[in-house]
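Contents: one structure, followed by commentary.
The values are calculated or read from the model by the stated rules, or taken from the named source; none is laboratory data. Keep in mind it's a predicted model, so treat the numbers as computed, not measured. As a convention, Cβ positions derive from the backbone with ideal geometry for all residues, glycine included, and neighbour counts pool all protein chains shown.
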Amino acid sequence: MAANPGGDSTDAGGGPVRHVPVLLNEVLAALEPLPGKVILDGTFGAGGYTSAILDFGSDVVALDRDPTAIEVGQALVASSQGRLKLFHSQFSRLAECAPPDGLDGVVLDIGVSSMQIDEADRGFSFQKNGPLDMRMSAAGVSAADVVNRAKVADLIRIFHFLGEESQSPRIAHAIERRRAEKPFETTRDLAGLIELVTPRKMKDKIHPATRVFQALRIFVNDELGELAQALFAAERALKPGGRLVVVTFHSLEDRIVKTFFSDRAGKASGSRHLPVAHERAATFERIGKPMVAATEAEAQENPRARSAKLRAGLRTSAPAEAADVSIFGLPNLASLGKLGA
Ligand SMILES: C[S@@+](CC[C@H](N)C(=O)[O-])C[C@H]1O[C@@H](n2cnc3c(N)ncnc32)[C@H](O)[C@@H]1O
């Protein structure tokens, strides 16, 4: 679970902070961004990883689905002397931005940036009043569309699967009653209702709206589907010897990355009776420890780092496997995406 998914990030004086890259040294150690290499940064954000990779000598192809990140990133493009190419795109489509002879590395830093949470108009934070939006790409179905139009049964599934919210039915029914009188428009509108209907003992640990806001954000941006497709795309776009490094902040996302690497390790399917020919060749080998977390010092300094998990793999020369999302066992929530139509 993210440390503070719908909360604020503020500096000591209470003002907004720029995004502080998480696990930066560990990412660089796993990526080995040496001169002559081309690394794809699928989550450009404030350019923290990209700047460090450029400093180490590799060229960078970077993407972000947020138009603001691309706009702000133009300064770094201008100072990179042609070594940084920055595209407005989704990381599920990263293979389209890769050079024809393949990539030496792919890095993904999943989730939202501090700038996105800090901007009240984006609607990610229940601690700032703003439109109930949450779209990273500023296009498609918004959180307000979901809350005002989805069937109650679907809201329960979204809050349950993507927020692990134990009060999903209670909250979804309260939303249904309230929206019949007046549709939800703002973050405070929704957070206020959730606070009102959540039993007192549930209010102690985290803000009662935390899990619902997280679930809506993941749903609105199809974050789990994007991640699954990005892993398959990286498998296709990396050269043999190329490195895939993924940092996640949420247990559902980490499970997807862990499942992918263990599926691609080429182990037999578990049956002693299968002939050897049915064993699959590994498309990734592990780099270092199975999972790397932030040091105590980094977690103290940057609360976002507390829930961060890094997993990394080295691409072998085996052909890419089929992009079969059923390996992840994800709930099928995709049909709900038609809400905006
Ligand atoms: C945690 S921030 C990355 C911060 C970056 N590593 C840095 O050091 O500044 C995540 C970024 O990924 C972007 N993002 C999230 N999902 C995306 C997707 N599916 N495709 C492309 N960008 C995405 C967000 O818009 C956000 O800017």
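Overview of results
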| item | result |
| --- | --- |
| Residue 111 being modelled with pLDDT of 90 or more and either more than 11 Å from the ligand (Cβ to nearest atom) or in a loop (DSSP other than H, G, I, E, B) (or both) | no |
| Filtered residue count, segment 32-53, keeping only those that are assigned to a helix (DSSP H, G or I) and more than 12 Å from the ligand (Cβ to nearest atom) | 0 |
| Scan of segment 69-96 for residues that are more than 9 Å from the ligand (Cβ to nearest atom) and of a type in the set (Lys, Arg), ordered by number | 83, 85 |
| For residue 66: the one exception among (1) out of contact with any Pro (no Cβ under 9 Å at 6 or more places or on another chain); (2) acidic (Asp, Glu); (3) outside the structural domain of residue 38 (by TED's automatic domain parsing) | (3) |
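Residue by residue, here is whether (1) under 20 Å from residue 112 (Cα atoms); (2) more than 16 Å from the ligand (Cβ to nearest atom); (3) surrounded by 15 or more Cβ atoms within 10 Å (Cβ to Cβ); (4) touching a residue at least 60 places away in the same chain (Cβ under 8 Å) holds:
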{"position": "167", "(1), (2), (3), (4)": "no, yes, yes, no"}
{"position": "171", "(1), (2), (3), (4)": "no, yes, yes, no"}
{"position": "210", "(1), (2), (3), (4)": "yes, yes, yes, yes"}
{"position": "218", "(1), (2), (3), (4)": "yes, no, yes, no"}
{"position": "221", "(1), (2), (3), (4)": "yes, no, yes, yes"}
{"position": "237", "(1), (2), (3), (4)": "no, no, yes, yes"}
{"position": "240", "(1), (2), (3), (4)": "no, yes, no, yes"}
